[in-house]
Number of protein chains: 2
Amino acid sequence: MSKVKVGIPQGTRDFPATVVNKRSFITDSIKAVFEASGFQPLETPAMENLDTLMGKYGEEGDRLIFKILNNGLDNPTKKEKAKAEFEKILEGKNSADITERALRYDLTIPFARYVAMHYHELTFPYKRYQIQPVWRADRPQKGRYREFYQCDADIVGSNALLNEVEFAHIYALVFDKLRIPVEIKINSRKILTALAAICNAPDKLTELTVAIDKLDKIGPEKLNAELESIGLNKHQLAIVNNFLSISGNSQEKVEQLKLLMKNNQVGLEGIKEIEFVVNYPFQYRSASLSIDLTLARGLNYYTGIIFEVKAGQVQIGSIGGGGRYDDLTGLFGVPGVPGVGISFGVDRIYDVMEELQLFPATVDSGSRVLFFNLGEAESRKSFELMQELRRSGVGAELFHEQTKFDKQFKYAEKKNIPYVVILGTQELAAGTCSIKNLGTGKQETINQSALSSFNFNS
Amino acid sequence: MSKVKVGIPQGTRDFPATVVNKRSFITDSIKAVFEASGFQPLETPAMENLDTLMGKYGEEGDRLIFKILNNGLDNPTKKEKAKAEFEKILEGKNSADITERALRYDLTIPFARYVAMHYHELTFPYKRYQIQPVWRADRPQKGRYREFYQCDADIVGSNALLNEVEFAHIYALVFDKLRIPVEIKINSRKILTALAAICNAPDKLTELTVAIDKLDKIGPEKLNAELESIGLNKHQLAIVNNFLSISGNSQEKVEQLKLLMKNNQVGLEGIKEIEFVVNYPFQYRSASLSIDLTLARGLNYYTGIIFEVKAGQVQIGSIGGGGRYDDLTGLFGVPGVPGVGISFGVDRIYDVMEELQLFPATVDSGSRVLFFNLGEAESRKSFELMQELRRSGVGAELFHEQTKFDKQFKYAEKKNIPYVVILGTQELAAGTCSIKNLGTGKQETINQSALSSFNFNS
């Protein structure tokens, strides 16, 4: 067997214990809020039929889907066909004879596929959450991976605005729990639709939305240049700029919006909706909720309220976002299923928590106690005592071999184990053991029977 | 956009909430024991470089690896090359120009690759656990999937037998926790090696091991036929049968083994090792540990003690297994790393727990409380009270729209929510709310301020 180069694919990551534990701290916190809020977990397979995924993410998205090569193409009965079909691949087309399956690109399409398949068994409004990896053949760069986790929650089968309120509060509960100060921003696609109408450019809605979505990154000057390039005239530009300059608290923004929207029905509906959400009682230690009219969300399928969450105190993109859509499952033959969904950006939340040093010291769940191995009979007794600690949930280890104190101490130090238990010939005879706190250096001798009630957590 | 057929790939599964919760109950129990025993989590990417995987699982294994088609094959600069390289695929060979990456086939090879890559940063003995899905292009059948979870723990960088003892106890702790009665069986590859030597057929060790491994399924007669077919004569057959018929308790088996192994050094070493493990104090409610000389484990890389776990009271294959190996990372250029590892068969454990009805009633973590939606002002108050419950960890929901009692009751019933809270005009004015237990029908009215201390768990 030839010696292989050791590495992992570009854009993928190994997660060692410290990272797994911190990531779990984040996802467990989010899960707890989802569960307390009546959401139920769903898990879908990593692979979907290629058909299910293709054509859902635009031309660019289609190109970034990882496709799985069918097995058994060397089967003599399939070879000729495969050879011909491979030509399609070379033309940038798809062929189920070459790749029947692909890796999921996001969690929304698999969720839609699931709801369509099980529509008649589900209780609506159906509230699910899903935390699983997705794969994209994007060019890897800082903060962009080819395998990364998405963390989504959706409520489908209900038009009630209470669901939007629900999600604003779920964001607040989660970030309160994680102690990340955040601004939750909302806007409405209906207001943007009305803006396009007021500009007399309803056909330019998508381009307008995409342009406004970039404001954050490109600034107002370049935005104006972009708006001109999509064909807006001076008068139209003035309306858009007037809209984007609306400021003040939520109530003041709403008042100015009402003046601008005049009799535009869709716009007034949008205003009413965001008013409903921002006027709901909202009191959290570290989360604020406000209207941000420059918020657009690039993705196209939103139709009502949209959300975005920004972390305070750090310069980083949004750490969460979502919105309302009209039609989740139409693509899969089940029309008329509206919903709202949000997602959490786990990788960015991780970076924020590192930067603000918000991970609790207890997040590293290594052993609390190392029993020294000091001989055959001694280690048997230690093993027995250790199992008792483990049963009561205290992480404990027995050094694997009888060796010098020095080596055993070093293992405890390297693994950050705060206590060692020493049980040698003398202690064995006396029915005692010595406990040493490696942090303080303090050592005490106790009866073996008292070990399981010793506090190893301080 | 064409309407697509809705389905998922053969051999894959969607896991709805009830299944996710039960699976999590199993894996959380295992995790807790791993963590208490000083094991740390590791997660590796779903994709590995094709090189890393190929040639590690035998010819049959290689054929079952899911390969990922490279993206951008339609790029004009790559087309010609791709076309030529595809010929290799049609010949059953590999080509990094077509598939550079593949989905992991198990957790052992990625673990070995990780240890080789990070050898100088790790503290040995290195104890890791890993619970992640793997993918195999096997023909799907009952209980065999193309995507399934593996759950492994290994201790590497130590020859100490204490590690084997450790794993026997870890199995016991886990199955005690899950309340599954089990027999943990051990044997040693050294004893099987000695058996082949005593038969004067050391070159037939692998075939002998593979044959004995099947005894369970095929019975003694067919085993003898198979042993004859690999070329054992009557005399050799008699030795093997004599070996396989050794019975009694552990001590009796050891005595008979010693007679049979006579002066075979490897055999005597193997006996000493299993004696060490079975003579370690071992007292568990529902787990027994014993020597099973018919245990062989099909896989080839084991070199010392081997394990297998059988569930009592149900007819099902093994629900766990593992053993000692000499060389984890030699294939990746780092020789001299021995270890022991075990795995848990999560899918089978799930089936056993269903059959024996061992999942606790609390495993379904749905909401405990549904607040009825009885009007604008009423629902605002309800929302506020609901958020308080959620903060204290009680799963609660507010019905999404104001509608008939009947419909709201039906939602609670369908979702198995045991309590409803009714807060109408009267209650709003009085600062009270009514709580109805849907199981008992009992209804009581309390002050809103007392709600957060109400016991919704009974």
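The values are calculated or read from the model by the stated rules, or taken from the named source; none is laboratory data. Every value quoted in this text rests on a predicted model; they were computed, and no experiment measured them. Counting neighbours? That spans all protein chains shown, and the Cβs are built from the backbone with ideal geometry, glycine included. When the accessible area is computed, the model is the full protein with side chains, heavy atoms only, and any ligands, DNA or RNA have been set aside. Shrake-Rupley method; radii C 1.70, N 1.55, O 1.52, S 1.80 Å.
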Task: Potential lengthening between A:Glu183 and A:Ser229 on full extension [0.36 nm per residue; Cα-Cα distance subtracted] - done: 13.3 nm
TODO: Filter the cross-link list A:Lys214/A:Lys253; A:Lys127/B:Lys310; B:Lys414/B:Lys442; A:Lys79/B:Lys217; A:Lys190/A:Lys217 down to pairs whose alpha-carbon distance in this structure exceeds 31 Å.
DONE: A:Lys127/B:Lys310; A:Lys79/B:Lys217
TODO: Please state the charge dipole magnitude for chain A, taken about the Cα centre, from unit charges on C-beta atoms (+1 on K and R, -1 on D and E), reported in debye and rounded to the nearest 20.
DONE: 820 debye
TODO: List the residues of the range A:129-156 whose accessible area drops by at least 30 Å² when all protein chains are present, compared with their chain alone, using a 1.4 Å probe and counting only protein heavy atoms.
DONE: A:Trp135, A:Glu147
- [ ] With a 1.4 Å probe and every protein chain left in place, tell me how much accessible area B:His235 has, in Å² to the nearest 10.
- [x] 130 Å²
Task: At 7 Å out from Cα toward Cβ: B:Pro202 inter-copy label distances (nm, ascending) - done: 8.9
TODO: Could you work out the equivalent-ellipsoid semi-axes for the range A:309-458, taking the square root of 5 times each eigenvalue of the Cα gyration tensor, largest first, in whole Å?
DONE: 51, 19, 13
- [ ] Mind grabbing the interface size between B and A? I mean buried accessible area, both sides, 1.4 Å probe, in Å² to the nearest hundred.
- [x] 9600 Å²
Open item on the list: If each label sits 7 angstrom from Cα along the C-beta direction, how far apart, in nm, is B:Lys81 from its counterparts in the other copies?
Closed with: 3.1
TODO: Could you name every residue in the range A:55-76 that has 20 Å² or more less accessible surface in the full protein assembly than in its own chain alone (probe 1.4 Å, ligands and nucleic acids excluded)?
DONE: A:Gly55, A:Arg63, A:Phe66, A:Lys67, A:Ile68, A:Leu69, A:Asn71, A:Leu73, A:Asp74
Task: At least 50 Å² of accessible area lost relative to the chain alone, listed for the range A:352-392 with a 1.4 Å probe - done: A:Arg380, A:Phe383, A:Gln387, A:Arg390, A:Arg391
Open item on the list: Quick check on my link table: of A:Lys81/B:Lys67; A:Lys83/B:Lys142; A:Lys381/B:Lys272; A:Lys56/B:Lys415; A:Lys177/B:Lys381, which ones sit more than 26 Å apart, alpha carbon to alpha carbon?
Closed with: A:Lys83/B:Lys142; A:Lys56/B:Lys415
Task: With every protein chain in place, the range A:365-453: carbon and sulfur % of accessible area (1.4 Å) - done: 46 percent
Task: Share of carbon and sulfur in the accessible heavy-atom surface of the range A:1-64 [1.4 Å probe, %] - done: 48 percent
Open item on the list: To check my understanding: the extent here is largest minus smallest coordinate of the Cα atoms along each principal axis. What are those three numbers for the protein assembly as shown, in Å, largest first?
Closed with: 101, 72, 53
Task: Solvent-accessible heavy-atom area per residue, rounded to whole Å², over chain A at 1.4 Å - done: 43 Å²
Task: Beta bridges per DSSP with both ends in the protein assembly as shown, % antiparallel, nearest 5 - done: 80 percent
- [ ] Could you state, as a whole-number percent, how many of the C-alpha pairs of the range B:325-400 are farther apart than 22 Å?
- [x] 61 percent
- [ ] Determine the dipole magnitude for the range A:365-453: charges of +1 sit on the beta-carbon of Lys and Arg, -1 on that of Asp and Glu, nothing else is charged, the reference point is the Cα centre, and the result goes in debye to the nearest 20.
- [x] 280 debye
Task: Accessible-area composition of the range A:103-261, carbon plus sulfur, in percent [1.4 Å probe] - done: 49 percent
- [ ] For A:Phe454 paired with B:Ser452, estimate the spin-label separation in nm (one decimal), with each label point 7 Å from Cα along the Cα-to-Cβ line.
- [x] 3.9 nm
Task: Bridge type composition, the range A:365-453 - antiparallel percent by DSSP, nearest 5 - done: 60 percent
TODO: Note down the nm distance, to one decimal, between modelled labels 7 Å out along Cα→Cβ at A:Asp327 and at A:Asn263.
DONE: 3.0 nm
- [ ] Rounded to whole Å and sorted largest first, list the principal axis extents of the Cα atoms in chain A.
- [x] 93, 70, 46
Task: For B:Lys404, solvent-accessible area (1.4 Å; no DNA, RNA or ligand), Å² - done: 140 Å²
Task: Label-point separation in nm, B:Glu255 to A:Thr425, each point 7 Å along Cα→Cβ - done: 3.4 nm
- [ ] Rounded to the nearest Å, what's the spacing between the alpha carbon centres of the range A:95-162 and the range A:9-57? Just the number, please.
- [x] 10 Å
Task: Shortest-first distances to equivalent copies, position B:Gly231, nm, label 7 Å out along Cβ - done: 8.2
